[in-house]
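The values are calculated or read from the model by the stated rules, or taken from the named source; none is laboratory data. All of these numbers come straight from a predicted model, not from anything done at the bench. Cβ placement follows ideal geometry from the backbone for every residue including glycine, while neighbour counts extend to all protein chains displayed. The accessibility values were calculated without ligands, DNA or RNA, using every heavy atom of the protein model including side chains. Shrake-Rupley method; radii C 1.70, N 1.55, O 1.52, S 1.80 Å.
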Amino acid sequence: MDDLDYTIRRSPRARRVRVRVDPYEGVEVVIPQRAGKREAQAAIRELRPWIDRRLEEARQAKQRLASPAGTVPFLGAHLRLRYDNGRTRAHRQGEELWLPEEAGGDALERWYRAQARAEIAPRLDRATGELGRPHKSLAIRSQRTRWGSCSSTGAMSFNWRLMLAPEPVLDYVVWHEACHLVVMDHSTRFWALVERHVPGYREPRRWLRQNGAALVLPTLR
């Protein structure tokens, strides 16, 4: 166990010990406030085979999703990064994405958020129109692994990191959440509705499960 690096985080909301494996942040053990280091060590010992499998899956996902040097992924394509000292925001020109020399990372995330809204809004309108269940609102969020949500009031949210995935994955997630306007659970009826509108949904769903945690922007120069 000594060869495994991991961090321990106490959480007032935790009711039991949890282990989380992230492709970029590594292994984290979340423990209740009153728990101690021994509980964390015991969880690592018990879950070590599972942890090793997840770390290997994460390594493979990072390799699969690695962008060519100097590029960023966008809906299955790769955009070449360019820099301009006089620029204050990101701007796409064809297959090139221009960034400011300073604070390029912040500008890049703002650009992805804007693109997420531009790409998702018409897809969501089309899906809810076909379903006959209009949504109430659309929010773009930044969770690491939650890709979308639909409230009982029709408030919809989506993760901007979906822009880093192939386009069929984005289409699937939009339809998945739109179908929750009709069926709120994940019953057989729900999946039948998803399949009616996205006949090949299993493939993008599987892709997201295998690669979703590695959908992270590369470190800029």
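Quick notes on this structure:
- Of the accessible area of the chain, computed with a 1.4 Å probe over protein heavy atoms only, carbon and sulfur atoms account for 46 percent.
- Of the GluC sites (Glu not before Pro) in region 1-93, the ones in a loop by DSSP (not H, G, I, E or B) with at most 16 other beta carbons within 10 Å are Glu25.
- FRET E, pair Arg117, Glu56, Förster distance 35 Å, beta-carbon r, rounded to 0.05: 0.50
- Candidate values [x] 59, 44, 30; [y] 52, 52, 31; [z] 151, 59, 40 were compared with Cα extents along the principal axes in Å computed on the shown model; the agreeing label is [y].
- Cβ-derived FRET efficiency at R0 25 Å, Asp3 paired with Arg80, nearest 0.05: 0.05
- Taking every alpha-carbon pair under 8 Å whose residues sit at least 6 apart, the chain reaches a relative contact order of 16 percent.
- Amide H within-cut-off set for Asp22, under 5 Å, with H built and near neighbours excluded: Val27, Glu28
- Probing with 1.4 Å while keeping every protein chain in the model, the per residue accessible area of the chain equals 58 Å².
- Amide H contacts under 5 Å for Arg87: Glu101, restricted to partners 5 or more places along the chain or on a different chain, H placed in the peptide plane at 1.01 Å from N.
- At full extension, Val183 and Glu39 could sit 47.8 nm farther apart than now, given 0.36 nm per residue minus the alpha carbon distance.
- Rg/Rh for region 170-221, where both radii come from Cα atoms and Rh is the Kirkwood radius: 1.12
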